[in-house]
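Presented below is the structure to which this report refers.
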Amino acid sequence: MAVAILPKRIEIPNGQPGIEYRLIPGFPGYAAGDDGSIWSQRVNGKGTYFGLWHKLKPHLPRARANQRSLYQKVSLLFDGRSITRTVHTLIALTWLGPKPIDKQVRHLNGNKLDHRPSNLAYGTSLEDSDDRRRHGTIPNGERHGRARFSISQINDIRSRYAAGEKQVHLAKEFGITQSQISAIVLRKTWKMI
């Protein structure tokens, strides 16, 4: 595995003491701090004018129905136009080097708002999925957006079935089919409890 050559370290006079800053590769006038911050030297969004460094304020995009997760983003000026990039990808590019083609950026502690380089690593989608499982950030059970039941209702269904109540009666009471009740009691669904 090749060792990434980190970009040049820079001083930001108005930056936080004790924080190391490096230029973001491919984005002139932008820097990333080892605290997970993104800084700009652009003046009023004009591409060729550089002034004092200022910290960019990340934003969360508006939620859409098809988005599973939201990550903080910043707007950058690139080739005369505004582009949006996620903070964690810019920090990883700066501190970990270019992203391998088959990898993605992982948050090692499960906190999507923690962009420190020590919390980021490149990994496969399987490793990222294992991370989410380990952190408990996979939306399953009653935390899933389409869940119809709570954990207490699932436990109620299972205990009543174990006590001899018929699946068809439970299905009618809970407004689902008998096959769905069967999947619950056989732990084909709601396996985590």
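At the residue level, Tyr30 shows approximately 10 square angstrom of accessible surface with a 1.4 angstrom probe and all protein chains present.
Taking Leu170, Leu60 and ordering them by how much accessible surface each has at a 1.4 Å probe, largest first, produces Leu60, Leu170.
Surface listing: Ile176, Ile181 arranged by accessible area from highest to lowest gives Ile176, Ile181, probe 1.4 Å.
When all protein chains stay in place and ligands, DNA and RNA are ignored, the 1.4 Å accessible-area order of His59, His107, largest first, is His59, His107. Once the chain from Lys57 to Thr124 is taken as fully extended at 0.36 nm per residue, the excess over their C-alpha distance is 21.2 nm.
Summing Lys and Arg as +1 and Asp and Glu as -1 over all other residues whose Cβ lies under 11 Å from the Cβ of Phe27 gives a net charge of +1. Within the shell of other residues whose beta carbon sits under 13 angstrom from the beta carbon of Ala162, the net charge comes to +2, with Lys and Arg scored +1 and Asp and Glu -1.
The values are calculated or read from the model by the stated rules, or taken from the named source; none is laboratory data. Just so you know, these numbers come straight off a predicted model, no measurement behind them. Every residue, glycine as well, gets a Cβ built from its backbone with ideal geometry; the counts of neighbours run over all protein chains shown. What goes into the accessible areas is simple: the full protein's heavy atoms, side chains included, and nothing from ligands, DNA or RNA. Shrake-Rupley method; radii C 1.70, N 1.55, O 1.52, S 1.80 Å.
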